[in-house]
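Values in this text are rule-based calculations from the coordinates and carry no lab data. Remember, predicted model here, so these are calculated numbers, not experimental data. All Cβ positions, glycine included, derive from the backbone under ideal geometry; neighbour counts span all protein chains shown.
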Amino acid sequence: MITDRVQDAAPRLGEVPAYLYDLPALDEHAASVRRALGGIELYYAVKANPDAELLRVLAGHVDGFEASSAGEHAHVTTLFPGKPVALGGPGKTDAELRLPHHRIHVESPNELRRLLATGLEADVLLRLNPDLPVEGAALTMSGPFGMDEQGVAECLPLFTERVRLRGLHTHLASGLDAPQLLTLARALLDHEHEEVNLGGGMAVSYAEPESRFDWAAYGAGLAAVRGGKRLRIEPGRALTAYCGYYVTRVVDVKRVRGEAYAILLGGTHHLRTPATKGHDQPFTILPTGKGPGLADEPITFVGQLCTPKDVFSRKIVTSARVGDTVVFEMAGAYAWNISHHDFLMHPKPAFHHLRA
Ligand SMILES: *Cc1c(COP(=O)(O)O)cnc(C)c1O
């Protein structure tokens, strides 16, 4: 399912592959998320997609940005001076620990000691890695992220007047639905802390693009368990995934040992998401082609890379002709910016931003 704006624009882009961002759709989506959250603070996790035009739209709806590196920090503070920044990330350098912030998410007792050694003021959330099962999550953030309860306890006596403990931060997993995230919230709100950042990880279904995270239920659920505490969340994927499209064209079709393939310009070096997550990237075909075709059969859509991993979608029953425009959906998060752009030295995609 693509918006009318994208359907109109995609065949007229000229050079493809190209990324197409539907800014009015992002604006509408972010506004509805904001409304659903009431008094819960909303930060955007910049690593999902740091595109400046997207950030400009989001800035009108979010309370701040979560930056996980000096690079992201420089990017958002240059674009939006004065907008609050939460600084996170494992393995912060001493230079990163010196960056100005609204909150800094401390990942270990040693990191806290290094923060104290800077002599600068800081407002800290301790990142807790809670011992909670997360069934069905796409990616669990166990392992090295944050601290267990013992690590948190080790930090508590270290705080000073200048380096203040504000509360807890957590980011449990990627791909959680509202009831799962509410269970997590209840467990964290049992702690004494006045302020809790519940992280991101709101589920985005690439298999069922129409099934969206239930922001209304999450917002209402958080309001019910919040007490007097200051609550914040920092989603990435669920804010920007839907507004982005990767537009390309069929350059060849063929059958090899009975399997039908459509070869597309570009590849997973531009849109790595299906390769990393192992899913079929949803798409719409616009019939702009006049060349040879495949009709009503399972077709595997691949790119131009010389590797069998360069697959967008497998055995999707559809039709495709050489010259058809293929619009991959849900390419607004963890897409271009996580891709290995220089592999094979094909041209880079163009970037287009649709406005109202
Ligand atoms: C990646 C990340 C996020 C955003 O996660 P999404 O799954 O994109 O919502 C939020 N907080 C932290 C600490 C992260 O590492």
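Around Val253, which amide H atoms from residues at least 5 apart in sequence, or from another chain, sit under 5 Å from its own amide H, with H modelled in the peptide plane?
Under 5 Å from the amide H of Val253: Ile263.
Zone of Arg186 (label point 7 Å along Cα→Cβ, backbone N under 13 Å): which residues in the stretch 219-250?
221-222, 224-226
So how far, in whole Å, is the C-alpha centre of the stretch 265-318 from the one of the stretch 69-127?
For the stretch 265-318 versus the stretch 69-127, the Cα centre distance is 40 Å.
Sorted by mean Cβ packing within 10 Å, highest first, what order do the peptides 12-23, 28-39, 252-263 take?
12-23, 28-39, 252-263
Take the cross-link list Lys92/Lys309; Lys47/Lys229; Lys47/Lys348; Lys277/Lys315; Lys92/Lys348 and give me the ones stretching past 22 Å between alpha-carbons.
Pairs exceeding the cut-off: Lys92/Lys309; Lys47/Lys229; Lys92/Lys348.
Let me know the shape class of the stretch 43-153, please: from the alpha-carbon gyration tensor, a ≥ b ≥ c as square roots of the eigenvalues, rounded when a/c is under 1.5, otherwise prolate if a/b is greater than b/c, or oblate. If you can, show how the numbers build up before the last one.
Values: a/c = 2.29, a/b = 1.21, b/c = 1.89.
Because a/c hits 1.5 or more and a/b fails to exceed b/c, the stretch 43-153 counts as oblate.
For the stretch 163-242, state which trypsin sites (Lys or Arg not before Pro) are in a DSSP loop and have at most 10 other beta carbons lying within 10 Å of their beta carbon.
When the trypsin sites (Lys or Arg not before Pro) of the stretch 163-242 are filtered for loop state and at most 10 Cβ neighbours within 10 Å, nothing remains.
If a/c stays under 1.5 just call it rounded; otherwise compare a/b with b/c (prolate if a/b is bigger, oblate if not). Do that for the stretch 16-75, with a ≥ b ≥ c from the square roots of the Cα gyration tensor eigenvalues.
Here the stretch 16-75 falls in the oblate category.
Give the calculated FRET efficiency between Arg257 and Leu158 to the nearest 0.05, with a Förster radius of 51 Å applied to their Cβ-Cβ distance.
Values: r = 64 Å, r/R0 = 1.25.
Efficiency, rounded to the nearest 0.05: 0.20.
To the nearest 10 degrees, how steep is helix 178-189 against the longest Cα principal axis of the chain, on a 0 to 90 scale?
Helix 178-189 sits at roughly 20 degrees to that axis.
Please get the size of the charge dipole for the stretch 191-323, origin at its Cα centre, with Cβ charges of +1 on Lys and Arg and -1 on Asp and Glu, quoted in debye to the nearest 20.
Around 400 debye, computed over the stretch 191-323.
Per 0.36 nm of contour for each residue apart, how much would the distance between Lys309 and Asp8 grow if the chain were fully extended, relative to their Cα-Cα spacing?
Residue separation times 0.36 nm, minus the Cα-Cα distance, leaves 105.2 nm.
Aspartates and glutamates near Lys290 by alpha-carbon distance under 17 Å, same-chain residues fewer than 8 away left out - which ones?
Asp252, Asp324
State whether the stretch 84-235 is rounded, prolate or oblate according to the following rule on the C-alpha gyration tensor (a ≥ b ≥ c being the square roots of its eigenvalues): a/c under 1.5 gives rounded; otherwise a/b larger than b/c gives prolate, and the remaining case gives oblate.
Numbers: a/c = 2.00, a/b = 1.74, b/c = 1.15.
Prolate is the answer for the stretch 84-235, as a/c is 1.5 or above and a/b outweighs b/c.
Subtract the Cα-Cα distance of Glu149 and Arg113 from 0.36 nm times their separation in residues, and report this length gain in nm to one decimal.
11.2 nm
Work out from phi, with θ = phi - 60° and the Karplus expression 6.51 cos²θ - 1.76 cosθ + 1.60, the ³J(HN,Hα) of each residue of the stretch 289-301, listed in order in whole Hz, and give x for Gly and Pro.
With the stated coefficients, the stretch 289-301 comes to x, 10, x, x, x, 10, 10, 6, 8, x, 10, 9, 9 Hz.
Provide Phe328, Phe343, Phe301 in ascending order of the number of other Cβ atoms located within 10 Å of each residue's Cβ, fewest first.
Sorted ascending by nearby Cβ count, the order is Phe343, Phe301, Phe328.
Taking the Cα centre of each part, how many Å lie between the stretch 6-60 and the stretch 172-231?
When both Cα centres are located, 21 Å separates them.
Order of Phe213, Phe145 from fewest to most other C-beta atoms within 10 Å?
Phe145, Phe213
Let me spell out the model: positive unit charges on the Cβ of Lys and Arg, negative unit charges on the Cβ of Asp and Glu, origin at the Cα centre of the stretch 138-191. What dipole size does that give, in debye rounded to 20? Walk me through the intermediate numbers first.
On the way: 4 positive and 6 negative charges, 46 e Å.
About 220 debye.
Considering the zone a paramagnetic label at Ala350 would reach in this model (a point 7 Å from Cα along the Cα-to-Cβ line), which residues of the stretch 18-44 have amide N under 16 Å from it?
It comes to 18-22, nothing else.
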